[in-house]
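Below is one structure, written out as structure tokens; the observations come after it.
Every read-out reported here was derived from the displayed coordinates using simple, explicitly stated rules and does not represent laboratory data. Given the structure is predicted, the values throughout are model-derived calculations rather than measurements. Note that each Cβ is placed from the backbone with ideal geometry, even for glycine, and that neighbours are counted across all protein chains shown.
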Amino acid sequence: MASAEKYIEQRLNDRRIAGSYRILKPENSLVDFCSNDYLGFSRSSILKNKIDEEINNSNLVLNGATGSRLISGNLNYTDKLEKEIADLFNSEAGLLFNSGYDANLGLLSSLPQRGDTIITDELIHASIIDGARLSHANRYTFKHNDIASLEAKLKQAKGNCYVVIESVYSMDGDTPPIIELLDLTEKYGAHLIVDEAHAVGLYKTGIITRLKLEKRVFARIVTFGKALGCHGAVVLGNNLLREYLINFARSFIYTTAAPLHQLASIKMACKLLQQSAKEIAALQNNINLFKQMLTASKAYPLINSESAIQCILLKSNEWAKKTAMYLQDNGLDVRAILSPTVAQGSERIRICLHAFNTVNDLTLLTNTINNLLYAG
């Protein structure tokens, strides 16, 4: 066997040892405690009908974009949509990307330059890590949500400094002390970038608008594949940042633009979001109900989170996999999160709550967990 094949086989075996995720078929009809569809938009017939109507009324017959936005793939529809999204999120401007990964990759790889500094929370999303790696900037991480740790790194920063956090962390579901972090970055002349992927929908247009910090944050990333139930992302900032990304973000420049259906889906999802107070309240209620119904355990603690993401630490790949399989066998779609996706010793089951989960769903979930993990 060639050396490259040996390397591939070894790497694959290492990952298989860490565990492969169970593939679930649609006919399994498990109760969804896994997806990021927090408000139920992805399964909404109302949203689907609105998307179909929007496309029919657009007078555009386009199955694909036909090229990048800088060549043949740009539409007046897209430019108007970006302005509508920016207005919704109280931002001066916005630039659409084909996915949240593309948005973070494009922003972090193009903006910081050689001699600049990127400082990220140690639990930041992989897309931000990858974007930072592609830049020529100095890179540091600080301890999760730790103000003192961030300040120590800020003292080492050179050039333009960008601090990158999530407003709701995808694996722990917790929220950082955003105001304190922002005060500190401003003290050192740094710029705060916030990924709002898991906060939009939980708090309508996210935590930054809820705290009225839009004018102080340098850039925000909002994705549409979670609570908004479709696909794509937008980088929010001022007009100068938008123009810069159009000219320098390679994941924007060198990719085929999003098709009309994706754009219409985003537009209609944003409109539906503005009418979703009932669903947001239901999600918040289900989060509180879940936490009330779950029996506390020192051996398998629930990570402190006020978001739709609730995680129980099981501290081993084997136990996390067995627990997830047990829950699936009892009709519950819950997945294990294993190392190396998370650090060794922090393996877990990750539970995503939704507005559409019923009291019976939550009772089945919590009773099953309590009987398996918390008995006695």
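Within segment 130-217, list the trypsin sites (Lys or Arg not before Pro) lying in a DSSP loop whose Cβ has at most 16 other Cβ atoms in a 10 Å radius.
Values: sites: Arg133, Arg139, Lys143, Lys153, Lys155, Lys158, Lys187, Lys204, Arg210, Lys212, Lys215, Arg216; in loops: Lys143, Lys155, Lys158, Lys212, Lys215, Arg216.
Counting only loop positions with at most 16 other Cβ atoms within 10 Å, the trypsin sites (Lys or Arg not before Pro) in segment 130-217 are Lys143, Lys155, Lys158, Lys212, Lys215, Arg216.
Local charge sum around Phe356 (other residues, Cβ-Cβ under 14 Å, Lys/Arg +1, Asp/Glu -1)?
Values: positive: Arg43, Lys278; negative: Asp32, Asp37, Glu279, Asp333, Asp361.
Around Phe356, the charge tally is -3.
What are the lysines whose alpha-carbon lies under 18 Å from the alpha-carbon of Lys143, with same-chain residues fewer than 8 places away excluded?
Hits, sequence-local ones excluded: Lys153, Lys155.
Please work out whether segment 181-258 counts as rounded, prolate or oblate from its C-alpha gyration tensor, where a ≥ b ≥ c are the square roots of the eigenvalues and a/c under 1.5 means rounded, while otherwise a/b larger than b/c means prolate and anything else oblate? Walk me through the intermediate numbers first.
Details: a/c = 2.62, a/b = 1.16, b/c = 2.26.
In terms of gyration-tensor shape, oblate.
How large is the Kirkwood hydrodynamic radius of segment 31-165, in angstrom, based on all distinct alpha carbon pairs?
About 18.2 Å for segment 31-165.
Test of the criteria: in segment 258-302, which trypsin sites (Lys or Arg not before Pro) are in a DSSP loop and have at most 11 other Cβ atoms within 10 angstrom of their Cβ? Walk me through the numbers before you get to the answer.
Numbers: sites: Lys267, Lys271, Lys278, Lys291, Lys298; in loops: Lys298.
Here the trypsin sites (Lys or Arg not before Pro) that fit, given the DSSP loop and packing criteria, are Lys298.
Can you compute the helix-only [θ] at 222 nm over the chain? Use -39500 (n - 2.57) per DSSP H run of at least 4 residues, normalise by all residues, nearest 500 deg cm²/dmol.
Details: 14 runs with 157 residues, N = 376.
After summing the helix terms and dividing by the residues of the chain, the value is -12500 deg cm²/dmol.
For the chain, what size does the Cα cloud have along each of its three principal axes, sorted from largest down, in whole Å?
Over the chain, Cα extents along the principal axes are 60, 56, 54 Å.
Add +1 for every Lys or Arg and -1 for every Asp or Glu among the other residues with Cβ under 12 Å from the Cβ of Thr255, and state the total.
Details: positive: Arg69, Arg250; negative: Asp102.
Net charge in that neighbourhood comes out at +1.
Counting pairs of alpha carbon atoms under 8 Å apart in space and at least six apart in sequence, what relative contact order in percent does segment 213-361 give? Show your work: numbers first, answer last.
Details: 165 pairs, mean separation 27.1, N = 149.
Taking the mean separation of contacting Cα pairs over the length of segment 213-361, I get 18 percent.
Counting pairs of alpha carbon atoms under 8 Å apart in space and at least six apart in sequence, what relative contact order in percent does the chain give?
Reported as a whole number, the value is 23 percent.
Please report the net charge: other residues with Cβ closer than 14 Å to the Cβ of Thr368, K and R +1, D and E -1.
Working: positive: Lys322; negative: Asp329, Asp333, Asp361.
So the environment of Thr368 carries a net charge of -2.
Let me spell out the model: positive unit charges on the Cβ of Lys and Arg, negative unit charges on the Cβ of Asp and Glu, origin at the Cα centre of segment 175-276. What dipole size does that give, in debye rounded to 20? Walk me through the numbers on the way to the answer.
Details: 12 positive and 7 negative charges, 58 e Å.
Roughly 280 debye for segment 175-276.
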